[in-house]
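Q: Would you mind keeping the following structure in view while I ask a few things?
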Amino acid sequence: MKRIIIIGGGAAGFFCAANLDETKYKITILEQNSDVLQKVKVSGGGRCNVTHACFDPRELVQFYPRGNKELLSVFTKFQPGDTMDWFEQRNVALKIENDNRVFPESNSSQSIINAMLAETRKKKVEVKTKCSVKEIEKLDGKYSVKTSLGDFEADVVIYTTGSSPKSLKMIENLGHKIVDLVPSLFTFNIKDDLLKDLAGTSFEMAETSIPKLKTEESGPLLITHWGLSGPAILKISAWEAINLAKVKYNFEIEVNFISKDPEDAEELFQQFRQSNPKKTVGQSKIFDITNRFWQRILEVSKVDLNKQVANLSGKEMQAIIGNLCRKKFQVTGKSTFKDEFVTAGGVDLKEINFKNMASRILPNFYIAGEVLNIDAVTGGFNFQACWSEAWLIAQDLNANG
């Protein structure tokens with residue numbers, strides 16, 4: 001019976017093991033931590049954002065700043081609908097939330113973990129934790145995997161280690177080319193009077209742009225203790241990960257908090273002014289923002305809150321609209337987004353056969369998950385890439401074992 005060694009007990013490694021044919025292979029998972037599936041456990045605030053309800057592969061690949069071309073063929077074979085089906089067949093009820101993120105109905109990542117553990121137990125997969133891989137050697141068509149718990153011989157290696165520099169160094173030593181790692185999902189650190197003490201204030205739809213990089217994104221926005229976060233920021237951080245690393249996370253961002261052209265905002269303002277001339281500007285609800293934020297906008301625009309709307313000067317109105325629709329902030333660094341630490345960079349995609357995720361450089365060696373130079377705009381998409389890639393590996397081995 002052939003021996004498969006899976007290095008890395010995370011989402012990709014476990015899902016692959018759970019789909020392999022145990023009558024053809026003896027399967028062992030090696031995990032360096034004391035616990036497996038740790039990222040699955042903490043993702044989505046402990047609820048596990050399993051995947052995203054996007055069932056057209058062409059649409060789905062738009063969420064991957066790196067790997068979108070390569071993943072198209074992968075997703076035509078196994079996409080979010082298949083993931084949902086796989087878990088539901090194993091009695092994990094799933095739900096699609098309003099933003100199309102998919103979670104277990106239990107709201108606990110443990111449901112997802114239990115389903116994979118049960119499947120691998122059924123297949124008698126051996127799991128070795130606290131097993132740190134030191135080196136992989138090629139020996140006459142086989143591999144010797146040297147670890148802190150001794151050496152393992154493998155006919156097939158499946159490499160799903162995540163993107164730690166150590167694991168990338170190990171695969172580089174075997175001849176693979178590595179694209180330098182840079183953080184991908186992060187929030188922007190900004191010190192500005194407009195944001196001070198407003199942590200928790202959110203905007204349903206905002207527009208963000210980085211003029212220097214000629215790039216823009218829109219979506220919900222959130223003020224945090226450190227600056228700005230939310231999908232509008234995370235998306236731009238993912239797509240521009242490499243360029244933002246180059247400028248050392250120091251750059252100017254322009255924000256439109258209300259997603260309206262300044263001209264349209266001005267028109268709304270004038271209409272409000274005509275119908276409510278006597279209202280004080282501090283009490284005026286003109287735009288869809290919180291009162292606290294509106295009052296801060298007035299303060300920063302140096303407008304007296306008690307002034308009647310009719311008495312606002314043209315200059316004051318322009319200052320208000322400028323701060324709402326064209327506010328420039330200086331970003332002075334980044335913060336990791338929750339526990340979902342995602343990196344761009346990893347094994348060069350040209351060296352992978354995306355029909356089956358096999359290495360083009362090493363025989364009987366497969367690679368999946370975050371160790372590849374693939375990343376996505378949120379956790380659910382990153383997991384989907386893991387599930388799909390792992391499934392392809394299992395199908396290939398089951399067919400050819």
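Q: Among residues belonging to the stretch 153-174 that are buried (at least 21 other Cβ atoms within 10 Å of the Cβ) and in a strand (DSSP E or B), point out the one that is nearest to the chain's Cα centre (by Cα).
A: By that ranking, first place goes to 159.
Q: Could you grab the pairs with beta carbons closer than 7 Å, sequence gap of 6+ or different chains, first residue in the stretch 77-105 and touching a residue at least 24 places away in the same chain (Cβ under 8 Å) and open to solvent by less than 50 Å² (accessible area, probe 1.4 Å), second one among the acidic types (Asp, Glu) and part of a loop (DSSP other than H, G, I, E, B)?
A: Final answer for the pair search is 94/105; 103/97.
Q: Restricting attention to the stretch 291-313, report how many residues are touching a residue at least 24 places away in the same chain (Cβ under 8 Å), part of a loop (DSSP other than H, G, I, E, B) and open to solvent by 10 Å² or more (accessible area, probe 1.4 Å).
A: So the answer is 3.
Q: Something else about it: State which residue is farthest from the chain's Cα centre (by Cα) when the search covers only the stretch 370-380 and only residues that are surrounded by 24 or more Cβ atoms within 10 Å (Cβ to Cβ) and more than 21 Å from residue 172 (Cα to Cα).
A: So, considering only residues that are surrounded by 24 or more Cβ atoms within 10 Å (Cβ to Cβ) and more than 21 Å from residue 172 (Cα to Cα), the one farthest from the chain's Cα centre (by Cα) is 380.
Q: Of all residues being hydrophobic (A, V, I, L, M, F, W, C) and touching a residue at least 24 places away in the same chain (Cβ under 8 Å) in the stretch 118-148, which is nearest to residue 34 (Cα to Cα)? Just the residue, please.
A: 131
Q: Something else about it: In this structure, is residue 43 outside any helix (DSSP H, G or I), among the small types (Gly, Ala, Ser) and more than 21 Å from residue 393 (Cβ to Cβ)?
A: So residue 43 fails the test.
Q: Shifting gears a bit: Does the stretch 133-152 hold any residues that are among the polar types (S, T, N, Q) and surrounded by 13 or more Cβ atoms within 10 Å (Cβ to Cβ), and which are they?
A: Passing the criteria: 144, 147.
Q: Would you be able to tell me the number of residues in the stretch 346-357 that are closer than 20 Å to residue 137 by Cα and open to solvent by 20 Å² or more (accessible area, probe 1.4 Å)?
A: 1
Q: Is there a residue in the stretch 360-367 that is buried (at least 22 other Cβ atoms within 10 Å of the Cβ), in a loop (DSSP other than H, G, I, E, B) and β-branched (Val, Ile, Thr)?
A: Scanning the stretch 360-367 turns up no residue that is buried (at least 22 other Cβ atoms within 10 Å of the Cβ), in a loop (DSSP other than H, G, I, E, B) and β-branched (Val, Ile, Thr).
Q: Sticking with this structure for a sec: Find the strands (runs of 3 or more DSSP E) located wholly in the stretch 186-278 whose residues include 3 or more that are out of contact with any helix residue (DSSP H, G or I) (no Cβ under 7 Å at 6 or more places or on another chain) and open to solvent by 60 Å² or more (accessible area, probe 1.4 Å), and list them.
A: 202-210
Q: Could you tell me whether the stretch 384-398 includes any residue that is crowded, with 23+ Cβ neighbours inside 10 Å, aliphatic (A, V, I, L, M), out of contact with any helix residue (DSSP H, G or I) (no Cβ under 8 Å at 6 or more places or on another chain) and over 30 Å from residue 279 (Cα atoms)?
A: Looking for residues that are crowded, with 23+ Cβ neighbours inside 10 Å, aliphatic (A, V, I, L, M), out of contact with any helix residue (DSSP H, G or I) (no Cβ under 8 Å at 6 or more places or on another chain) and over 30 Å from residue 279 (Cα atoms), one finds at least one in the stretch 384-398, hence yes.
Q: Here is a check on your reading of the model: is residue 69 in a helix (DSSP H, G or I) and touching a helix residue (DSSP H, G or I) at 6+ places or on another chain (Cβ under 7 Å)?
A: Answer is no for this residue.
The values are calculated or read from the model by the stated rules, or taken from the named source; none is laboratory data. Just so we're clear, the structure is a prediction, and the values are computed from it rather than from any experiment. Glycine gets a Cβ as well: all are built from the backbone with ideal geometry, and neighbour counts include every protein chain shown. We work out accessible area using only protein heavy atoms, side chains counted, and drop any ligands, DNA or RNA first. Shrake-Rupley method; radii C 1.70, N 1.55, O 1.52, S 1.80 Å.
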